[in-house]
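The values are calculated or read from the model by the stated rules, or taken from the named source; none is laboratory data. Bear in mind the structure is a predicted one, so any value in this text is a computation, not a measurement. Here the Cβ is made from the backbone with ideal geometry for all residues, glycine too, and neighbour counts use every protein chain on show. Calculation scope for accessible area: heavy atoms of the full protein, side chains included, ligands and nucleic acids excluded. Shrake-Rupley method; radii C 1.70, N 1.55, O 1.52, S 1.80 Å.
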Amino acid sequence: PRNTKQKYPSFVMWTLLSFTCFRIYVGLHLSSKSYTTDNVETTSKDFYTEFVWPRKERTPINKLKQQVANKPKLKPLLSNLRSVDESNLPYKCGVIFFYHIACTGGSSINHWFGQQVKRNGPETSYWTKWGRKEKMEANFIDIMSNNRTQNIGPNEWRFVHAHGMSYFPNASEAYLYQWREEVESQGCAFVVTTMLRDAIGHTISQTKGMIKPNLTLDEFMSHLEPENSNQKGVFVTQLDYLLYNMGPRNEYNATKEEKVRRAVELLQRHFDVLLLSDYGRFADIIHKITGWEPSKIRPSNVFGGDLNYSYAELQKIKDLTEANGDVAFIDAVRHLYTPGYLDYLL
């Protein structure tokens with residue numbers, strides 16, 4: 001009994017010492033990677049998932065990223081586009097991954113998907129996670145990898161809504177390959193989709209966002225000035241949203257031509273359904289893919305005010321949108337994804 005009493009304090013002492021060493025290790029780990037308390041909360045679930053107990057990947061993501069980096073560049077040809085095999089429709093199960101670019105009618109599509117989930121029974125589900133915090137993507141990827149792409153039922157459809165800060169396609173492309181591999185290995189479909197619109201009309205639509213903070217047009221558009229690359233703006237163009245989500249604009253200082261090439265490459269590799277402001281056709285395609293009961297996409301989150309600009313202001317909107325690469329990007333999309341776009345020349 002006397003020896004037992006002596007061992008008990010020793011056990012407590014070693015337990016406390018081990019915990020202290022653990023805390024020191026974590027602190028050194030963070031400081032060595034220049035993390036600060038501004039972007040990592042050490043008490044959060046994200047912190048323990050990302051740094052203390054890393055998740056187990058079916059395909060090691062670092063290996064997959066290297067494979068993606070070594071893939072040859074795709075030529076912008078119709079034969080290189082992803083397509084849906086209509087002979088096998090509807091697919092029996094799957095995941096629809098909707099990448100929502102702001103001011104493209106995405107709110108209407110998102111609301112419509114929510115209604116579809118309610119209309120089509122218990123074997124359909126809806127999930128989204130987005131916001132304005134930079135750590136959002138790590139949490140989004142973790143849930144996608146360990147929950148939304150796993151154990152899909154034989155007749156189950158899952159809808160995923162990716163929006164602000166939830167996923168950065170340019171830097172995190174490898175996960176799209178991983179998620180597709182995971183879903184298709186279960187005999188289900190992985191359908192990636194987005195909606196785009198006219199480039200200059202999109203920028204004009206975004207300017208409604210300068211009303212509430214009472215900004216001038218110069219202030220609102222300043223991040224698109226050529227000398228201001230690698231800056232976060234009040235709004236994000238379609239090209240930049242597809243590449244960098246709501247992160248800094250062109251942080252790699254790429255030319256507009258390279259940005260357009262990379263964006264089209266991402267579309268070719270991963271996006272199964274891509275349309276330009278054609279919501280009726282979008283709904284028809286999703287109905288064919290899923291076998292859901294047809295219904296129309298109805299407008300939501302519509303701006304009801306007036307936007308009035310002088311000729312000089314409209315010219316500035318046009319020039320900066322073109323200089324950023326968005327006009328060339330949407331033109332490339334029209335050539336590739338719009339059947340008969342240039343038929344009038346024949």
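Couple of notes before you dig in:
- Proximal aspartates and glutamates relative to residue 318, as straight alpha-carbon distance under 14 Å, when same-chain residues fewer than 8 apart are discounted: 198, 218, 225, 326
- In terms of the mean number of neighbouring beta-carbon atoms within 10 Å, the peptides 336-342, 286-292 order highest first as 286-292, 336-342.
- Shape of the range 52-184, Cα gyration tensor, a/c cut at 1.5: rounded
- For the range 103-154 and the range 164-204, distance of Cα centres in Å: 12 Å
- Per residue, the accessible area of the range 140-225 comes to 33 Å² when a 1.4 Å probe rolls over the protein heavy atoms.
- Kirkwood hydrodynamic radius of the range 108-164, from the reciprocal of the average inverse Cα-Cα distance over all distinct pairs: 12.4 Å.
- Pairs spanning more than 29 Å between alpha-carbon atoms, out of 65/208; 232/256; 73/208; 259/296: 65/208; 73/208; 259/296.
- Eligible aspartates and glutamates near residue 118 by straight Cα distance, threshold 20 Å, same-chain separation 8 or greater: 156, 284, 293
- Cα lying deepest toward the dipole's positive end in the range 68-155, options 149, 114, 81, charges on Cβ: 81
- Accessible surface of the range 214-346 [probe 1.4 Å, protein heavy atoms]: carbon and sulfur percent: 50 percent
- All Cα-Cα separations within the range 219-331 were binned at 5 Å from zero, giving a P(r) of 2, 9, 16, 17, 16, 16, 12, 7, 3, 1, 0, each value a whole percent of the pairs.
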